Amino acid sequence: MKKNVILFSQIPQDQQARLAQTFNLTMLNRQSDPNSDAFKQALANADGIIGASMSMRIDDDFLAQTPKLRAASTISVGFDNYDLAALKKHGVRLMNTPTVLTEGTADLIFTLLMATARRTVELSNLIHAGKWTKGITPEHFGIDIHGKTIGFLGMGRIAKALVKRAHCGFDMNVLYYNRSAHSDVEQKYNAKRLELDDVLQQADFVVVILPLTAETTHLITQQKLALMKPSAILINGARGKVIDQQALTQALQNNVIRAAGLDVFEVEPLPMDSPLLKLDNVLLSPHVGSATVETRYAMAKCAVDNMIAALQDDKPTENWVN
Ligand code: DGY
């Protein structure tokens, strides 16, 4: 008998068709009423869920409504909206899409870094506003990227893809802070592992690229920001909550650091009354690290493969999280 699977997000037609061929597929989206009988029934019957959005918490309360659930497939590398202890208690396997988005996300983070350093969006806006009437003066100058020191907080797959770009493409010195040492980047790219405070003090660019956990929540506080060089730029491509956003806003307002490039925020979408929107020295992107045609397709396919392997073939995959 076919298993019941709920799909919570929009994925390419051919991947949706694979799910529909293999399972009894129910589609639920942001417009679906979680209090409706149809929604509750779908949860009650579900053997698998795929593509739950970051704003859905898959915790004890959610899992109490899904007594048959055995597999959850997230279309992301991050899984901080899943409560691993609750999944264990309810016997639910979680799978993610860790490898297919590495290079695309590294591209976006490096784009943010470059655009923040060279003030690309601000200067483009200046032209659009008809303000390019004479030569650009020093108050609009950016800063160099090549040859500078870049410090990574975290050294996972995406960080490594960034190290390669920074070292090979831009001749940058690489520092990193991470629980464990990574001899591959140390040998290949001369990366140096330091304590957090040392990375913050020495880097011209600090790139946050570690998972959100209890330990990394608000890792970057007002005190930590104060350690950074006033000329430094902070880039966050991980999760908003790794940085105390209020402290960062104040640091940007008071020029404690030069600028920030942010793809992630404590609350997403970023509320329209966020004081960050009033600042020129912050470049914002709407959590789009993996948002390219190719990468999002590969992520959807990987998540469907994961679900078929878990529920249909009963096979382990390399993408098991728990
Ligand atoms: C990820 O895959 O974790 C991205 O940040 C999208 O949520």
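Within segment 205-217, if we keep just the residues that are under 23 Å from GLU103 (Cα atoms) and not β-branched (Val, Ile, Thr), the residue that is modelled with the highest pLDDT turns out to be PHE205.
Restricting attention to segment 41-57, the residues that are surrounded by 13 or more Cβ atoms within 10 Å (Cβ to Cβ) and without any contact (Cβ under 8 Å) to a residue 40 or more places away in the chain add up to 4. Quick check on segment 287-298. Is at least one of its residues surrounded by fewer than 16 Cβ atoms within 10 Å (Cβ to Cβ) and either in contact with a His (Cβ under 9 Å, 6 or more places away or on another chain) or on the phi > 0 side of the Ramachandran plot (or both)? Looking for residues that are surrounded by fewer than 16 Cβ atoms within 10 Å (Cβ to Cβ) and either in contact with a His (Cβ under 9 Å, 6 or more places away or on another chain) or on the phi > 0 side of the Ramachandran plot (or both), one finds none in segment 287-298, hence no.
Taking segment 214-240 as the range and being of a type in the set (D, E, K, R) and either touching a strand residue (DSSP E or B) at 6+ places or on another chain (Cβ under 8 Å) or surrounded by 18 or more Cβ atoms within 10 Å (Cβ to Cβ) (or both) as the test, the residues that pass are LYS224, ARG239. Of all residue pairs spaced 6 or more apart or on separate chains, those with beta-carbon atoms under 9 Å, a first member in segment 271-289 that is among the basic types (Lys, Arg) and a second member that is more than 15 Å from the ligand (Cβ to nearest atom) are LYS278/GLN253.
If you go through segment 77-110 and keep only what is more than 15 Å from the ligand (Cβ to nearest atom) and β-branched (Val, Ile, Thr), you end up with just VAL92.
Given the condition of a type outside the set (Gly, Ala, Ser), within 16 Å of the ligand (Cβ to nearest atom) and assigned to a helix (DSSP H, G or I), answer yes or no: does some residue in segment 286-294 qualify?
So in segment 286-294, the residues of a type outside the set (Gly, Ala, Ser) come out as 286-288, 292-294.
Next, only the ones that are within 16 Å of the ligand (Cβ to nearest atom) stay: 286-288, 292-294.
In the following step, the residues that additionally are assigned to a helix (DSSP H, G or I) were identified as 293-294.
Taking every residue of segment 286-294 in turn, at least one turns out to be of a type outside the set (Gly, Ala, Ser), within 16 Å of the ligand (Cβ to nearest atom) and assigned to a helix (DSSP H, G or I).
Within segment 82-91, is there a residue that is in a loop (DSSP other than H, G, I, E, B), at pLDDT 95 or above and at negative phi? Write out each step before concluding.
Step one: filter segment 82-91 for residues in a loop (DSSP other than H, G, I, E, B), giving 83, 91.
Then keep just the ones that are at pLDDT 95 or above; that gives 83, 91.
When the remaining residues are screened for being at negative phi, the result is 83.
Within segment 82-91, one or more residues are in a loop (DSSP other than H, G, I, E, B), at pLDDT 95 or above and at negative phi.
The single condition from (1) within 30 Å of GLN65 (Cβ to Cβ); (2) surrounded by fewer than 19 Cβ atoms within 10 Å (Cβ to Cβ) that ILE127 fails is (1).
Of ALA259, ALA232, all but one fail to be within 20 Å of THR120 (Cα to Cα), under 21 Å from the mean Cα position of the chain (by Cα) and among the aliphatic types (A, V, I, L, M); the exception is ALA259.
Do we have any residue at all in segment 21-37 that's within 16 Å of the ligand (Cβ to nearest atom), without any contact (Cβ under 8 Å) to a residue 60 or more places away in the chain and aliphatic (A, V, I, L, M)? Taking every residue of segment 21-37 in turn, none turns out to be within 16 Å of the ligand (Cβ to nearest atom), without any contact (Cβ under 8 Å) to a residue 60 or more places away in the chain and aliphatic (A, V, I, L, M).
Just wondering, is there one or more residues in segment 233-248 that are assigned to a strand (DSSP E or B), of a type outside the set (S, T, N, Q), more than 16 Å from the ligand (Cβ to nearest atom) and under 20 Å from LEU153 (Cα atoms)? So far as segment 233-248 goes, yes, one or more of its residues are assigned to a strand (DSSP E or B), of a type outside the set (S, T, N, Q), more than 16 Å from the ligand (Cβ to nearest atom) and under 20 Å from LEU153 (Cα atoms). The single condition from (1) in contact with an Asp or Glu (Cβ under 7 Å, 6 or more places away or on another chain); (2) surrounded by 15 or more Cβ atoms within 10 Å (Cβ to Cβ); (3) free of Cβ contacts under 8 Å to residues at least 60 places away in the same chain that MET172 fails is (1).
Taking (1) within 21 Å of THR116 (Cβ to Cβ); (2) buried (at least 23 other Cβ atoms within 10 Å of the Cβ) in turn, HIS146 satisfies each apart from (2). As for segment 120-137, it holds no residue that is within 30 Å of PHE8 (Cβ to Cβ), β-branched (Val, Ile, Thr) and away from the ligand (no atom under 15 Å from the Cβ). Residues in segment 43-76 that are part of a loop (DSSP other than H, G, I, E, B), within 16 Å of the ligand (Cβ to nearest atom) and touching a Gly at 6+ places or on another chain (Cβ under 8 Å): MET54, THR74, ILE75. Within segment 182-213, the residues that satisfy the criterion of being surrounded by 15 or more Cβ atoms within 10 Å (Cβ to Cβ) and part of a loop (DSSP other than H, G, I, E, B) are HIS182, ALA191, LEU194, ALA203, ASP204, ILE209, LEU210, PRO211, LEU212. The numbered conditions (1) more than 22 Å from LEU112 (Cα to Cα); (2) not in a loop (DSSP other than H, G, I, E, B) are all true for ARG179 except (2).
Every condition in (1) modelled with pLDDT under 95; (2) crowded, with 17+ Cβ neighbours inside 10 Å; (3) not aliphatic (A, V, I, L, M) holds for GLY135 except the one numbered (2).
All conditions in (1) charged (D, E, K, R); (2) under 22 Å from GLU318 (Cα atoms); (3) under 19 Å from the mean Cα position of the chain (by Cα) hold for ARG70, with the sole exception of (3).
The values are calculated or read from the model by the stated rules, or taken from the named source; none is laboratory data. Bear in mind that the values here come from a model prediction, so they are computed numbers and not experimental data. Because the Cβ atoms are built from the backbone with ideal geometry, glycine has one as well, and the counts that use them run over all protein chains shown.
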